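Have a look at the structure below before the remarks.
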Amino acid sequence: MSWPKEDRIVFACSRINVNAKLCQEIKENLNSDLNWDYLLKTAEDDGVISLLYRILKDFGNGLVPDRVGDILKRNYLETTARNFFILSELSKALKAFADNEIPVIVLKGASFLENIYQDIGLRPIGDVDILIKKERLPQIDSSLKEQGYSSPHRWADYIDKPDTKYLNSISYVKGPIHLHIHWHIINTSIATYLNINEIKMDRFWQEARPASIAGVESLAMASHHLLIHLSEHSFTHAYDRLILLCDISEIINYCNSNGGLNWELFLEDTLLFNLNIPAFYSLYFASKLINAQVPAAVLNKLQPEHSGYPERLVKKWVLENKRIPELRYLIPLMVMNENLRQRLRYICKSLFLPKQVITQKDILPCATFPLFHYALRIKNCFRKGLRILGYLLQ
């Protein structure tokens, strides 16, 4: 791994616990002349700076400068305070939903911060994501507005429409708190590759388990469904933050310490939902980059049938830590489309997203949607294409 030592330290510390071998590796790299400002910025951008604090605070003998130690501690305390505030507000919302007999499933970081990370300061929470049944949108809207939340969206614009390959959520805001209310696990504003009807949301609800979240009895996804969801989410975001892979690894570790993950159920539903390619790449990168304990047999089952130069190129980019914003478009383009015709079709879909997707994403009135937004998208995509071409020629 010919990475800068700063990157090696960040990756080695991106976990709750480190073994003796990793400790020795971290210590050897700490004995180098390091660019601490770069290291801190990288860890913060990747969402793992609190994990960096957890691991490095135990290294003495002057290996970590006092200035750096102070920054890490301050960041950890700020994350703890912010997460405490977010969880307290989430608690109020969950209590209101429970009082109104509205079932919800808490998604992503907020759903496993307390039981898997076991320290609310170790993982930052941004937006809080909540899964609902779409027919409960009117009650959700009423409950949240009673609590002081507002939304730029109208629930009535979505309740009678079928689920889409794009955005299946609306957002609510109260001060610094952002709640994203989802009715499907697919939620993206980029051209997608999925048959939305193959993903059976009823299975997520049938197998959801009771969980205490923010001090309130609520629901969380079954472990195998959570791993499917996080794998798809990480793939869609092109592994732009290391915390996405860290979540996958820590969930597997947690399950292994509590009876084990049911890999058979994971494979069954991943293949049923036709999410094997996103799952393969997410688990593959998590295992290669941060030693996630993924059985080889699972990766073999998920391995895409078609694997050529584009797929090898994607692996090379991510494994060499060459993560750029454009990968969000490049990875689906390269690995979800098998030939030139399919890739050209994907590019056209990226340029000409459905009008309702752009209006929701940019919070525009649908009735006054101007065509110049498509012209602007073409211009932006052309500029991104030039950056991608330059990247490919490096």
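The values are calculated or read from the model by the stated rules, or taken from the named source; none is laboratory data. Remember, predicted model here, so these are calculated numbers, not experimental data. For neighbour counting, all protein chains shown are included, and Cβ atoms are generated from backbone atoms with ideal geometry for every residue, glycine included.
Summary table below
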| item | result |
| --- | --- |
| Residue within the range 30-39 that is outside any loop (DSSP other than H, G, I, E, B) and touching a Pro at 6+ places or on another chain (Cβ under 6 Å) present | no |
| Residue within the range 72-80 that is of a type in the set (Val, Ile, Thr), surrounded by 15 or more Cβ atoms within 10 Å (Cβ to Cβ), assigned by TED's automatic domain parsing to the domain that holds Arg136 and touching a residue at least 24 places away in the same chain (Cβ under 8 Å) present | no |
| Residue under evaluation Ile120, criteria (1) aliphatic (A, V, I, L, M); (2) farther than 30 Å from Gln356 by Cβ; (3) part of a helix (DSSP H, G or I); (4) assigned by TED's automatic domain parsing to the domain that holds Gly175, criterion not met | (3) |
| Where Val128 falls short, out of the listed (1) within 30 Å of Ala43 (Cα to Cα); (2) touching a Pro at 6+ places or on another chain (Cβ under 8 Å) | (2) |
| Residue match in the range 264-271 (condition: out of contact with any Gly (no Cβ under 6 Å at 6 or more places or on another chain) and buried (at least 22 other Cβ atoms within 10 Å of the Cβ)) | yes |
| From Lys200, Lys133, residue being surrounded by 15 or more Cβ atoms within 10 Å (Cβ to Cβ), in contact (Cβ under 8 Å) with a residue 12 or more places away in the chain and at negative phi | Lys133 |
| Selection status of Ile140, modelled with pLDDT under 95, among the β-branched types (Val, Ile, Thr), farther than 30 Å from Ser350 by Cα and assigned to a helix (DSSP H, G or I) | no |
| Flag for Ser350 being under 26 Å from the mean Cα position of the chain (by Cα), modelled with pLDDT under 75, under 24 Å from Pro278 (Cα atoms) and small (Gly, Ala, Ser) | yes |
| In the range 96-109, the residues that are of a type in the set (Lys, Arg) and either farther than 30 Å from Ala220 by Cα or surrounded by fewer than 16 Cβ atoms within 10 Å (Cβ to Cβ) (or both) | none |
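For every residue, the table says whether it meets (1) modelled with pLDDT of 95 or more; (2) more than 30 Å from Trp317 (Cβ to Cβ).
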| site | (1), (2) |
| --- | --- |
| Asn187 | no, no |
| Gln206 | yes, yes |
| Leu219 | yes, yes |
| Cys246 | yes, no |
| Ser287 | yes, no |
